Structure formats: C-alpha cells, structure tokens
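Only one structure is covered here, and it is reproduced in the block below.
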Amino acid sequence: MMPCPGLKVSHVIFVIVIVITIVFYSSLNGRQFILEQRRYANHRKNDPSALVASNRTVPGAAAAAAAAPPDKALLVPAGPPVEPGTVRQKCNVFQMVVQRCGFDVLQKSVERTQQQAVDRNQTQLLLAQQREKEQQEQETGPEHVDNIQRIPNPSAVKSAAAAGSSSSSSSSSSSSSSSSSSSSSLPPAPQPTALEAEGERVIKTRDLYHSGHLPDAACVANLCPRNGTDVTLLIVVTSAPTHREQRLAIRQAWGHYGSRRDISIGFIVGQTNDARTEDQLAAESYMYSDLIRGYFIDSYSNLTLKTISMLEWAKLHCPSASFLLKTDDDMFINVPKLLQFMEAHGNQRRTIFGRLAKKWKPIRNKKSKYYVSPEQYYPPVFPSFTTGPAYLLTADIVGEMFDKSLSQTYLKLEDVYMTGIVAQLLNIHRINVKEFLNRRIAFNQCNIKKAISIHMVKNNEQLDLWKKQVDTSVACT
C-alpha cells in the first residue's frame with residue numbers, strides 16, 4: 001500500500017503530542033497540585049492540622065495530612081476555598097465542553113464577585129453622602145468653639161449653701177457644724193453646658209456672672225496688703241489656665257517690678273474641668289501667691305466675665321490702689337515708662353487710658369469669631385473704646401464699672417463692652433495714648449524704651465525685651 005501523499009513524520013508526531021496532552025490534562029480532573037515540604041515535623045506532632053494551610057484545605061485534607069509520614073511531601077490541592085455544602089465535581093475536558101460540567105460553581109463565583117462589587121459601590125456612595133452632609137453642617141451650622149458657658153445663678157447657689165449649712169448644723173455637734181457650714185458656703189465650681197441657641201445668647205450679664213473668687217488669703221496678702229494702702233499700681237494679667245510658661249516668662253522679666261512695695265502684679269485665671277490642670281494651678285498658686293481664680297469657665301466667649309471678675313477682686317481687696325492696669329499674658333509692659341505716665345496724670349479722674357478705637361462697626365457675619373447680633377447690640381457703630389491688650393483705669397471708676405457691667409446685655413468682646421458701652425453709660429473719659437502700641441513692633445532698644453505696651457510677645461522674647469528696656473548704655477532721643 002502506498003503511503004498517503006503529503007503526510008510527513010512531523011505531522012504524525014504533532015498529532016501524537018496533542019493527544020498525549022489532552023489525555024494528561026484530563027487525568028488531572030481540572031486541578032493543579034502544589035508540592036509543599038513538611039518541615040519542622042517535631043513541632044507539629046501534637047497539631048496535625050497545622051500541616052495544611054487554612055486557605056488550601058478540602059474535606060479530608062487534614063486527616064490525610066495527619067496520616068502522611070513525616071519525611072514525605074504532602075500534595076495539597078490549590079485554589080479557592082470550597083463553600084460549605086458544595087461538592088467539587090470531577091470533570092474531564094470533554095465533560096466540561098459538552099456537558100457543561102462544573103459550570104454551576106463557576107457561575108456562583110461570578111455572581112459572588114458581582115455582588116461584592118455592588119456592595120462596595122454602595123458603601124462608597126454612603127460614605128460620600130455622609131462626608132457631604134458633614135461639610136454642609138460645618139459651613140452653615142453655628143460655631144462650636146468658645147461658646148458662652150452658663151454659670152449657676154448666684155442666688156440659687158447661696159440658697160443651696162444656706163440649706164446645706166443648716167442641715168449640717170442640725171445633724172452634728174457645734175464644732176463639726178461650724179466647719180461644715182464654712183465649707184458649704186463656698187460656691188461649687190461651674191460646670192460647662194451645651195451650646196446655646198442663637199436667641200438664648202441675648203442675656204443680661206448678671207445672669208451669667210457668678211460673683212466671688214476661690215479663697216486665697218496668701219494671694220490677697222501678697223498683692224494688696226491692708227487693702228492696697230501702699231499700692232500705686234495694680235497690674236492684673238488675664239491668662240489662660242494652660243499658659244503656665246507665659247506667666248513664668250513675665251515673672252522672670254518685667255514682672256520683677258512686682259517686688260516693689262508700690263506695685264503689685266497678679267494673674268487672673270478662670271476654671272476648667274480638667275483635674276490635672278486644676279492641680280497644676282493649685283501648685284502654682286501655692287508657689288507664687290499671685291493667681292486670682294474667678295468662678296467662670298475660662299474661654300474666649302467668657303473674656304468679659306474675666307474682666308468683670310478682675311474689677312470685683314480689685315473693688316473688694318484693693319480699693320486703695322491708685323491705678324489698675326489690665327493686660328494680657330502676651331504683652332510686654334514697660335513699667336518705668338508707665339510709672340512716668342501715671343505721675344504726669346496723677347490728678348486725672350474717671351478716665352481710661354489706652355489705644356483708642358473709634359467708629360468701629362459690629363460684624364454681622366455669623367461665621368466670624370467676632371460676630372455680634374443686632375439683638376445684642378443694635379446701633380451700627382460701637383462707641384469709642386480702648387483696645388483690650390492693655391489699658392489703664394483710674395481706681396475711682398472700678399466699683400462703678402463693676403456694678404454697671406452686670407446690668408447690660410452680655411457681649412463677648414470685652415474691650416468693646418467694658419471700655420466702650422459701659423464706660424459711655426457712666427460718662428467715663430477714654431483718652432488715646434500713643435505709647436500704648438498694643439501691636440508687635442521691631443524689637444530695637446529705642447522702640448522698647450518709648451513704648452508702654454507691646455503686643456504679641458513670645459515667651460522667649462520677654463526676658464530679651466526687659467534687658468533692652470533696662471539697658472542704659474543706649475541713649476534714645
């Protein structure tokens with residue numbers, strides 16, 4: 001028989017290779033095998049299941065792994081984990097193509113992948129909506145910082161204290177009743193409240209202010225002995241509870257003038273709800289005896305309450321002082337220059353000296369930190385006032401300003417409120433003094449020697465400015 005024309009040996013070999021390949025892959029039943037060495041057999045004698053990776057096991061694999069000898073390799077089928085109740089079908093190539101064997105498992109895998117993609121898209125959409133809602137609330141909602149904190153009504157506190165005193169005296173001996181009565185007469189520390197509604201911010205100051213101070217006889221004796229008979233200048237620095245470094249920098253610099261008999265320098269600080277901060281303030285007060293603690297929550301919106309508390313303390317404990325300087329803990333005060341100014345204006349009465357601001361208008365933008373509603377102050381222009389970083393009061397107006405400030409609608413802008421609105425109602429003179437700079441300047445010796453007050457001074461700059469101020473080697477014209 002003649003061989004088939006055109007048939008070559010290479011064709012026959014190619015067909016044989018294809019047939020062998022098909023038969024080989026059919027025998028594998030559509031699965032691959034990974035050879036994993038069984039190492040560290042001595043650590044796995046008590047845990048046979050550790051021989052098989054958790055993401056490569058099929059039913060019966062753990063038992064097979066436990067039964068295998070330790071020196072042999074273990075064949076573990078690779079691939080995704082099998083769902084409970086699913087039976088893996090053994091399909092060869094022809095069954096997969098003709099009978100669609102195993103396609104139900106593949107279909108389930110595709111459906112599961114699609115569902116995961118849908119869930120992921122929905123989650124991303126919800127997160128985007130939530131972020132958009134939070135952004136809208138931040139843009140349109142009220143300010144959540146520096147809110148006015150309500151202080152308990154003084155009359156309610158006094159009545160509660162009296163009730164506690166009477167009950168303690170009736171239930172104990174005379175000695176114990178006297179001690180409990182004295183302790184209950186102290187008003188409790190104020191607690192912060194939630195942010196008030198916009199309409200509730202229009203409130204009389206007397207409804208917010210809590211009279212009194214934390215008892216500190218050492219502070220009173222240190223700052224104003226004998227009601228301040230020998231005190232010509234009382235300087236009260238408004239400071240935040242956490243500004244310990246600022247207070248220390250002032251004590252080490254221009255605060256040295258407080259060692260003079262005729263000058264007293266103290267710091268007024270509010271209260272907090274942080275126990276550690278309160279402990280630190282108590283230790284600082286014990287160490288220096290120059291902290292005045294009022295009954296108000298220390299915050300930006302309560303700066304007016306802080307100034308009113310300062311006036312009350314000066315009225316009660318230092319009525320004989322000649323001048324009162326209110327300043328901040330980021331200010332440098334040229335005390336010798338201030339004493340010269342006071343000597344030149346010693347006969348002045350009912351006057352506030354400082355950097356005078358004229359014809360300032362209320363800010364009606366609700367997003368502004370300095371927002372003032374028409375209900376709080378209706379006129380389009382503020383009365384002239386001295387700016388808050390530093391201003392000097394003659395002592396004869398301290399009591400009047402304290403009393404009058406309690407009867408007005410509260411305003412958190414303390415300089416506008418105290419030296420503008422209240423001072424105008426009392427017909428107090430406000431005089432502009434150019435030496436009250438109340439701003440940051442170039443720190444050369446002549447600028448420092450000519451100024452009474454300099455604003456925005458950092459802690460590490462206080463001592464340097466004080467050295468330049470007391471340096472007499474430089475003559476300034």
>> Starting from a Cα-only point model with no solvent, please compute log10 I(q)/I(0) by Debye for region 241-312 at q = 0.27, 0.28 1/Å.
In response: -1.33, -1.35
> With all protein chains present and a 1.4 Å probe, how do R244, R430 order by accessible area, largest first?
Replying inline: R244, R430
> Once both labels are modelled 7 Å past Cα along the beta-carbon direction, what's the V12-K359 spacing in nm?
Replying inline: 11.5 nm
>> Students often check this: by mean Cβ neighbours within 10 Å, which of 263-272, 444-453 ranks highest, and how do the rest follow?
In response: 263-272, 444-453
> Given labels modelled 7 Å from the Cα in the Cβ direction, how far is it in nm from N432 to C476?
Replying inline: 2.1 nm
> Per residue, how much accessible area does region 230-292 show when a 1.4 Å probe rolls over the protein heavy atoms, in square angstrom?
Replying inline: 44 Å²
>> With the cut-off at 29 Å, tell me which of the pairs K369/K404; K337/K367; K306/K467 have Cα atoms farther apart than that.
In response: K337/K367; K306/K467
> Restricting attention to the alpha-carbon atoms of region 339-378, what are Rg (one decimal) and Dmax (integer), both in Å?
Replying inline: 17.0, 45
> Rounded to the nearest 20 Debye, what is the dipole magnitude of region 332-445 about its Cα centre when Lys and Arg each give +1 and Asp and Glu each give -1 at the C-beta?
Replying inline: 660 debye
> Farthest toward the dipole's positive end in region 267-367, which of T351, T307, S289, given Cβ charges of +1 (Lys, Arg) and -1 (Asp, Glu) about the Cα centre?
Replying inline: T351
> Ranked from highest to lowest mean number of other Cβ atoms within 10 Å per residue, what is the order of the peptides 371-384, 226-239, 291-304?
Replying inline: 291-304, 226-239, 371-384
> Dipole magnitude of region 260-331 about its Cα centre, charges +1 at Lys/Arg Cβ and -1 at Asp/Glu Cβ only, in debye to the nearest 20?
Replying inline: 340 debye
> In region 314-420, what trypsin sites (Lys or Arg not before Pro) fall in a loop by DSSP, with at most 15 other Cβ atoms inside 10 Å?
Replying inline: R349, R350, K358, K359, R364, K366, K367, K369
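The values are calculated or read from the model by the stated rules, or taken from the named source; none is laboratory data. For clarity, every value in this text was computed on a predicted model and none was experimentally measured. Don't worry about glycine lacking a Cβ; one is built from the backbone with ideal geometry, like all the others, and counts go over all protein chains shown. We work out accessible area using only protein heavy atoms, side chains counted, and drop any ligands, DNA or RNA first. Shrake-Rupley method; radii C 1.70, N 1.55, O 1.52, S 1.80 Å.
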